[in-house]
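Just so it is clear, none of the values below were taken in a lab; they were calculated from the coordinates. Quick caveat, the model's predicted, so the values are computed rather than measured. Heads up, the Cβs are rebuilt from the backbone with ideal geometry, glycines too, and the neighbour counts pull from every protein chain shown.
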Amino acid sequence: MKLSFTLNGEPVAADVAPDELLVEVIRGLGLTGTKQGCGVGVCGVCSVLVGDRPVSSCLYLAACAEGEQVWTAEGLAQAEPALIRAFAEQEGMQCGICTPGQVVTAAALARENPAATDAELRQYQAGTLCRCTGYQTILAAVRAYLDSR
Amino acid sequence: MTAADLTFRSPATLAEALTELAGDEDAIAVGGGTSVALLLKHGLIEPRRLVWLGRVGGLGEIQAGPDGSLAIGATVTLRELAASAPVRRLAPALAEAAGQVGNPRVRAMATVGGALAHADPRQDLPPALLALAATARIAGPAGEREPPLAGFYTGFMETVLAPAELVTQVNVPAGPGRRSVYLRFTPASEGDFPVIGAAAAVLRDAGGLVTGAALALAGAGPVPLLIPAAGELAGRMPAEADIEAVAAAAAAAATAVSDQRGSARYKQAMAAEWTRRALRACLE
Ligand SMILES: Cc1cc2nc3c(=O)[nH]c(=O)nc-3n(C[C@H](O)[C@H](O)[C@H](O)COP(=O)(O)OP(=O)(O)OC[C@H]3O[C@@H](n4cnc5c(N)ncnc54)[C@H](O)[C@@H]3O)c2cc1C
Ligand code: FES
Ligand code: FES
């Protein structure tokens, strides 16, 4: 079936199967920042924004993105340099595998709850797993990003 | 494995959605798709037609009646429910349950209709709605009906929904002076299903006398479990002994099985403990 949506501000048209997942479509278009990790909605490395909603693209039927504005970490890095700067300055990454998910989640939080308290920020970011940093520098990066807006 | 002739439909009205569902015996509804996508991916369901409700008009509103009742459309997301001012004021247990489901990505997509119909007994929303005496409006080929949620769950992942039927709305009756709460315990990560979740709703008169009380549990059996003994708090100024009686009834009713979240005995003890905590939170 035909699918048209906007990806990082650019219109895209793709031919997708009815049960194809958004992560497959995005990676198929060469944007490999969005990863497939657990594949069951838990780890967050496949996070993208659909409109203002964060979604696990591993559990999001691509067909539902018809007409939507989809943003990946690559697009957000271009559109919101302050976000990437905050992660760089606070050293909010080590191996970098989880970083696209952390970045997308932070962008989602900024849209959903821009005045998030530290406790709310922690709870929101908790759904995006990191096996390296111990989280503190990630939380500091998201805090710095929210405060910079 | 998915059917080779699988199709995806995106109806714009409820009537169209019902027609699409009735048009193929292997059609299923898709709300937020958070469970449907998972089940499809693992080959646990093999539908031939996916009928997505995301573009159906008129199902996405939360309305508070002048009497304090709530009418919640089936495609309202859990994130909208958790953030809704009228829901937080009139039925806090429901907002608390919705706000604790999974992670922000699940809450942004999962819908009230899907959260009810999925019927996994560990889910958070069903006990909150049961304790609040909610009803589910159902539409289908045979017309409309609105059964109380108390009889909605018939077995593990089974409900009274007939093929081609949809939940269109959930109604929470008014409860002047009602206090309600949802508490849960997750032994693994915060985003995991709870080992036990407890929802309580208590109505009291001006003098503090309980005029109605209900308690329901997640994770305590094959279906979300209402504990009828909570109703016996009515007519009393409850003391610890009365709460203890409901906790004992909850432990006795819990038929949870041992799994990675704990042994059956542990879950029974947790059913009692979270019953106490939920009732105390409403009565303090
Ligand atoms: C990572 C992860 C973590 C989770 N953690 C929790 C948790 O902590 N607590 C919890 O309670 N749940 C949890 N869940 C489960 C989640 O609550 C359900 O997946 C979700 O509520 C289903 O809603 P949906 O709208 O996405 O339904 P869908 O996936 O679209 O549908 C689920 C079922 O409901 C049917 N359906 C959908 N809408 C309707 C309707 N209007 N009428 C009739 N039938 C309908 C579908 O046909 C399907 O059978 C988790 C899920 C994931 C993926
Ligand atoms: S890969 Fe999607 S949440 Fe882990
Ligand atoms: S930086 Fe390695 S997993 Fe987060």
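Things to note:
- Taking 4 °C and 1.567 mPa s as conditions, chain A diffuses translationally at an estimated 85 µm²/s according to Stokes-Einstein applied to its Kirkwood radius (Cα pairs).
- When only alpha carbons are used to place a centre, the range B:164-193 and the range B:121-154 end up 11 Å from one another.
- Calculated on C-alpha atoms, the gyration radius of the protein assembly as shown divided by its Kirkwood radius gives an Rg/Rh of 0.98.
- Compactness index (Cα Rg / 2.2 N^0.38 Å), the range B:202-284: 1.12
- Within a Gaussian network of chain B (alpha carbon springs, distance under 10 Å), most fluctuating of B:Ala131, B:Ala12, B:Ala198: B:Ala12
- Span from the the range B:50-86 Cα centroid across to the the range A:17-88 one, whole angstrom: 26
- In terms of overall dimensions, the range B:65-172 has a Cα radius of gyration and Dmax of 13.0, 37 angstrom.
- Shape parameters for the range A:79-148, alpha-carbon atoms, Rg then Dmax in Å: 10.6, 29
- Counting Cα-Cα pairs of the range B:1-154 in 10 Å increments starting at 0 gives whole-percent bin shares of 11, 39, 37, 12, 1, 0.
- Share of pairwise Cα separations in the range B:3-51, more than 12 Å, in percent: 61
- Per the Debye calculation on the range B:34-85 with a single equal scatterer at every Cα and no solvent contribution, log₁₀ I(q)/I(0) for q = 0.22, 0.29 Å⁻¹ amounts to -0.89, -1.11.
- Highest mean packing first, where packing is the average number of other Cβ atoms within 10 Å per residue, the peptides A:102-108, B:136-142, B:153-159, A:40-46 line up as A:102-108, A:40-46, B:136-142, B:153-159.
- Over the range A:2-74, the Kirkwood radius and the radius of gyration, each from Cα atoms, give a ratio Rg/Rh of 0.91.
- GNM flexibility winner over chain A from A:Gly75, A:Gly30, A:Gly134 (Cα, springs under 10 Å): A:Gly30
- 10 Å-binned pair-distance histogram of the range B:131-284 (Cα, whole percent): 11, 36, 32, 18, 3
- Whole-number D in µm² s⁻¹ for chain B, Kirkwood Cα-pair radius fed into Stokes-Einstein, 25 °C, 0.890 mPa s: 128
- Using a Gaussian network model of chain B in which every pair of alpha carbons under 10 angstrom is joined by a spring, one finds that among B:Ala218, B:Ala37, B:Ala256 the greatest mean-square fluctuation is at B:Ala37.
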